[in-house]
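The values are calculated or read from the model by the stated rules, or taken from the named source; none is laboratory data. From a predicted model like this one, the values you see are computed outputs, not experimental measurements. When we count neighbours, we look across all protein chains shown, and the Cβ atoms used for this are built from the backbone with ideal geometry, even at glycine. For accessibility, only protein heavy atoms count, side chains too; no ligands or nucleic acids. Shrake-Rupley method; radii C 1.70, N 1.55, O 1.52, S 1.80 Å.
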Amino acid sequence: MKRNSFVYIFKTTQITIMSVIAFTVFLRTQMPAGTLQDGGKFFGALFFSLINVMFNGMAELAMTVFRLPVFYKQRDFLFFPSWAFAMPIWLLRIPISLLESGIWIILTYYTIGFAPAASRFFRQFIAFFGIHQMALSLFRFIAAVGRTQVVASTLGTFTLLMVFVLGGFIVAKNDIEPFMIWGYYLSPMMYGQNAIVMNEFLDKRWSTPNTDPRIDAPTVGKVLLKSRGFYTDDYMFWVCVVALLAFSLIFNILFIVALTYMNTLGDSKAVIVDEDAENKNKKSSGQITSEGIDTAVRNVSQGSDSTVRENAPRKGMVLPFQPLSLGFNHVNYYVDMPAEMKSEGVEEDRLQLLRDVSGAFRPGILTALVGVSGAGKTTLMDVLAGRKTGGYIEGSISISGYPKNQETFARVSGYCEQNDIHSPYVTVYESLLYSAWLRLSPDVDTKTRKMFVEEVMQLVELNPIRNSLVGLPGVDGLSTEQRKRLTIAVELVANPSIIFMDEPTSGLDARAAAIVMRTVRNTVNTGRTVVCTIHQPSIDIFEAFDELLLMKRGGQVIYAGPLGQQSHKLVEYFEAVPGVPKIRDGYNPATWMLEISAPPVEAQLVVDFSDIYAKSSLYQRNQELIKELSTPPPGSKDLHFPTKYCQPFRTQCKACFWKQHWSYWRNPEYNAIRFFMTIVIGVLFGCIFWNKGQQTAKQQDLMNLLGAMYSAVLFLGATNAASVQSIVAIERTVFYREKAAGMYSPLPYAFAQVAIETIYVIIQTFVYSLLLYTMIGFEWKVAKVLWFYYFILMCFVYFTLYGMMVVALTPGHQIAAIVMSFFLSFWNLFSGFLIPRMQIPIWWRWYYWASPVAWTLYGVVTSQVGDKSDMLEIPGAGNVPVKAFLKSYMGYDYDFLPAVAVAHVGFVVLFVFVFAYGIKFLNFQRR
């Protein structure tokens, strides 16, 4: 909790800001009390307070899901029982409930102008504390049942919908169909709603005698309560508070039960390979199979002198490539001094991570970058590959004699990251086809491209798993070793001349590491320049390399040159240093060299290995080699490409859309649940608001209809916005890798994501509109049906785009979820349901027009009943035509519908533009 303080500070700040906004919207100078007409605004203010306090607990859901994987591991190892995990969470949230409820009450109670008695103030505080505790425990329980972000969010939305709609405010108790009334009594929110409205309307300032004979109640306060079906006896307040605390206890017990008996949804599953069938296929096509896993590594560790390697036969491939060398001289790299180090008294403005690093990488030679943690291996590789997003680089880097230009270099190089980042819902073959499609030259035809992909799959030994889904790391799909090989293959299909690999054997056992190294060796044998960072390799893996660049902590080179057979050249170099102990027979040279070059040994021998290297003949030979490689060969030309990207814009859009199509089609957790939710919510709303579409006899009928439309668009819209965020966040991580590789411009990616979402939303809206329109019983006229479908469609599209846009503008989807909920609270407050536009204070009325939900509600309600002239019964004010009431009370004008339609297009275009802008210009990946 202490280390997650940002979330709690943010939530507290959020509820503070929302309470300030609430009291400026419902300011006491604008809130007269005592008459039937005044009650509406107080109901709106109380309901807004209730949903803010309740929904502020929603972050608990994401935080609990985040903790669960570690909990399951600890529980299964018998660290502690489930109740020991749940109890501290429960107890530590009590002070937070007191704080957040207290902030809301202190800031809003007297500024809004609720019942002035001190007892009423403390009663409302107790009610809000109970509501907040109930909400936190409910969200924790839902998280434990859902177990993944998507499932938990969906379950949470579905539960909230039931609790929210049947809470007694959106649809009055007396108007709920008899077959749904059980939901009213099971809704915890109903008890919270009753407690806070009774606390207000049973106060003596609402005790003016009732003058409307149509409603059987003695006072104005009781008329207001009774017209909406709330309790009117004071003792029921305490019944409701006890019920809220009982719900909190029940949900916490259920949370413990769920933690005890439920397990994680997906276990890590390696794809099983049918190797026998694969071997038969290879034999039948006249190819020789390998004789076992370690054979390749044994073979490459025999005679690994670079002079032998240069004369080794090259494997031919369908597509030719230009072998390129990479030389770098006196490279220094600095970053801004971290604030923590400055606070400890460090005066320099910059921290140096690489110091005077020089070296050369050549075609057909496998080079290892080795060093202890913090030596700068990955930093050097990122600098050379152009993957750094910040810092200051000095020194020269040349490609086959010409100065390196990052835009052209990205086209001829590949970078295999340590974290194997791939789209989870495409197959291995599709991943390679997609990479080849976007990274090979447009003059390579489809047939040749597919042949090349097949060749790479054979080289990297991926044929047995070609139709397997990639999956999410540690959850499902490919094993770590299979992912490593896929990462290498994804870069190889781009036909690069230079490949960088960041720790390709990290996290693998000896067998898996040998398979990956065989793949790497096969790649080098095609004549490419390959550089790998490697951390404490085994003897077999180490001797598979031809050359070594060894670094020590501080970013300094202490050896750069050939290894020699059984690393004899490396051993001879270090044994020549006075005082260095000889290597024992059979000892791993890699381990030995790291041990003897460690800082304590340096201090003991009173030597500086970087100085020794800088004064050695090996350093001079390297400088001559760098000089030679930094001079362009006669008749050669610098790298030049006519366009920034391999493929034209249209092909980029087509390829990105193709991948998104398969990613969405194969993601049932997201799309099947989305359609299931749409149908369930549609049927539920249909049942709750059964046949209320043309009931317009009383004001409450119209309020029920308004409530129906408000909850129908807000709930499913917010679900869309929330559930799309984790999908966009996963794909964005892949996007960063693909963008750095120069695969496409950010705009085709943004187009593909928007296009595929829109297609699914069009189908979703059709199902939802059909259910709602028929069950709520609106009038079957072509114009009304089309208006209804159009407004709901545009509403769901802008909600989905809004969710995507917020992810594009924030570092991660957890912060995106908090930011999104903050602005959804605004949209909710200014939607026109809690407080009609005509009653919003003039200083806030502008935001009504900035709330997309307000436009949707305007469009849907006005298109269905805005042209009716039937008489409407208004308590305390006689009868008024529906059309006139909508215009005077809500500010809805039927003739304004075309402008409302255009406004929806405006919101969609705005959110698409901002999403595309965020994707193009904001990079939250720090390297």
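Checking the structure you have, find out if any residue of segment 91-108 is surrounded by fewer than 19 Cβ atoms within 10 Å (Cβ to Cβ), small (Gly, Ala, Ser) and not assigned by the TED database to the domain that holds His813. Yes, segment 91-108 has at least one match.
Would you mind finding the one in Thr591, Thr533 that is under 48 Å from the mean Cα position of the chain (by Cα), among the β-branched types (Val, Ile, Thr) and surrounded by fewer than 17 Cβ atoms within 10 Å (Cβ to Cβ)? Step through it out loud before you land on a result.
Values: Thr533 fails: surrounded by fewer than 17 Cβ atoms within 10 Å (Cβ to Cβ).
Going through Thr591, Thr533 in turn, the sole match is Thr591.
Taking the criterion of being within 23 Å of the chain's Cα centre (by Cα) and either more than 30 Å from Val475 (Cα to Cα) or open to solvent by 10 Å² or more (accessible area, probe 1.4 Å) (or both), the only residue of segment 122-141 that qualifies is Phe141.
This table checks each residue for (1) free of Cβ contacts under 8 Å to residues at least 12 places away in the same chain; (2) surrounded by fewer than 18 Cβ atoms within 10 Å (Cβ to Cβ); (3) within 30 Å of Ser82 (Cβ to Cβ); (4) not hydrophobic (A, V, I, L, M, F, W, C).
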| position | (1), (2), (3), (4) |
| --- | --- |
| Met198 | no, no, no, no |
| Phe201 | no, no, no, no |
| Lys204 | yes, yes, no, yes |
| Pro209 | yes, yes, no, yes |
| Asp216 | yes, yes, no, yes |
| Val220 | no, no, no, no |
| Leu225 | no, no, no, no |
| Cys240 | no, no, no, no |
| Leu244 | no, no, yes, no |
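Among the numbered criteria (1) more than 24 Å from the chain's Cα centre (by Cα); (2) more than 27 Å from Phe689 (Cα to Cα), which single criterion is violated by Val145? The failed condition is (1). The one condition from (1) touching a helix residue (DSSP H, G or I) at 6+ places or on another chain (Cβ under 6 Å); (2) touching a residue at least 40 places away in the same chain (Cβ under 8 Å); (3) surrounded by fewer than 19 Cβ atoms within 10 Å (Cβ to Cβ) that Gln694 does not meet is (1).
Working carefully through the options Glu503, Glu491, Glu572, Glu602, find the one that is without any contact (Cβ under 8 Å) to a residue 60 or more places away in the chain and either open to solvent by less than 40 Å² (accessible area, probe 1.4 Å) or closer than 30 Å to Val470 by Cα (or both).
Sole residue among the options that is without any contact (Cβ under 8 Å) to a residue 60 or more places away in the chain and either open to solvent by less than 40 Å² (accessible area, probe 1.4 Å) or closer than 30 Å to Val470 by Cα (or both): Glu602.
Filtering Gly832, Gly803, Gly859, Gly812 for residues that are on the phi > 0 side of the Ramachandran plot and assigned by the TED database to the domain that holds Gln764 leaves a single hit, Gly832. Hey, any hits in segment 575-596 for a residue that's of a type in the set (Val, Ile, Thr), assigned by the TED database to the domain that holds Gly376, free of Cβ contacts under 8 Å to residues at least 40 places away in the same chain and assigned to a helix (DSSP H, G or I)? Checking segment 575-596: at least one residue is of a type in the set (Val, Ile, Thr), assigned by the TED database to the domain that holds Gly376, free of Cβ contacts under 8 Å to residues at least 40 places away in the same chain and assigned to a helix (DSSP H, G or I).
Selection over segment 68-90 of residues that are closer than 21 Å to Phe251 by Cα, within 30 Å of the chain's Cα centre (by Cα), open to solvent by 10 Å² or more (accessible area, probe 1.4 Å) and aliphatic (A, V, I, L, M) gives a count of 2.
Residue-by-condition table, conditions (1) in the same structural domain as Asn667 (by the TED database); (2) more than 26 Å from the chain's Cα centre (by Cα); (3) at positive phi:
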{"site": "Ser400", "(1), (2), (3)": "no, yes, yes"}
{"site": "Val460", "(1), (2), (3)": "no, yes, no"}
{"site": "Ile465", "(1), (2), (3)": "no, yes, no"}
{"site": "Gly474", "(1), (2), (3)": "no, no, yes"}
{"site": "Arg485", "(1), (2), (3)": "no, no, no"}
{"site": "Asp502", "(1), (2), (3)": "no, no, no"}
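Comparison of Gln623, Gln660, Gln652 shows that the only residue that is in a helix (DSSP H, G or I), of a type in the set (S, T, N, Q), surrounded by 12 or more Cβ atoms within 10 Å (Cβ to Cβ) and in contact with a Phe, Trp or Tyr (Cβ under 6 Å, 6 or more places away or on another chain) is Gln652. Being of a type in the set (Val, Ile, Thr), at pLDDT 90 or above and within 21 Å of Pro599 (Cβ to Cβ), is that true of even one residue in segment 548-559? Yes, segment 548-559 has at least one match.
Within segment 402-437, take every residue that is more than 25 Å from the chain's Cα centre (by Cα) and in a loop (DSSP other than H, G, I, E, B) and give me the one that is surrounded by the most Cβ atoms within 10 Å (Cβ to Cβ). Once the filter is applied, the top-ranked residue is Lys404. A count restricted to segment 597-613 and to residues that are outside any helix (DSSP H, G or I) and hydroxyl-bearing (Ser, Thr, Tyr) stands at 1. Within segment 876-902, the set of residues being over 17 Å from Trp849 (Cα atoms) and of a type in the set (Lys, Arg) comprises just one member, Lys883.
Residue count for segment 513-530 under the criterion of being open to solvent by 10 Å² or more (accessible area, probe 1.4 Å) and among the small types (Gly, Ala, Ser): the result is 0. Figure legend. Inter-residue proximity from segment 374-391: first residues closer than 11 Å to Met501 by Cα and aromatic (Phe, Trp, Tyr), second residues open to solvent by 30 Å² or more (accessible area, probe 1.4 Å) and assigned to a loop (DSSP other than H, G, I, E, B), beta-carbon distance below 9 Å, spacing 6+ or different chains. No pairs are indicated. Quick one: Gly918 ticks every box in (1) within 30 Å of Gly391 (Cα to Cα); (2) open to solvent by 10 Å² or more (accessible area, probe 1.4 Å) except a single one, so which number is it? Evaluating Gly918 over (1) within 30 Å of Gly391 (Cα to Cα); (2) open to solvent by 10 Å² or more (accessible area, probe 1.4 Å) leaves (2) as the failure.
Within segment 729-739, at least one residue is over 24 Å from Arg674 (Cβ atoms), among the hydroxyl-bearing types (Ser, Thr, Tyr) and in contact (Cβ under 8 Å) with a residue 40 or more places away in the chain. Among the residues making up segment 470-496, a single one is under 19 Å from Thr523 (Cα atoms) and touching a Lys or Arg at 6+ places or on another chain (Cβ under 6 Å): Ala494. Selection of segment 177-194 for residues being open to solvent by less than 10 Å² (accessible area, probe 1.4 Å) and assigned to a loop (DSSP other than H, G, I, E, B) yields only Ser187. For Ala375, the criteria (1) farther than 30 Å from Leu570 by Cβ; (2) open to solvent by less than 40 Å² (accessible area, probe 1.4 Å); (3) of a type in the set (Gly, Ala, Ser); (4) outside any helix (DSSP H, G or I) hold in every case but one, which is (1).
In segment 387-401, which residue that is polar (S, T, N, Q) and part of a loop (DSSP other than H, G, I, E, B) is least open to solvent (accessible area, probe 1.4 Å)?
Filtering first and then ranking leaves Ser400.
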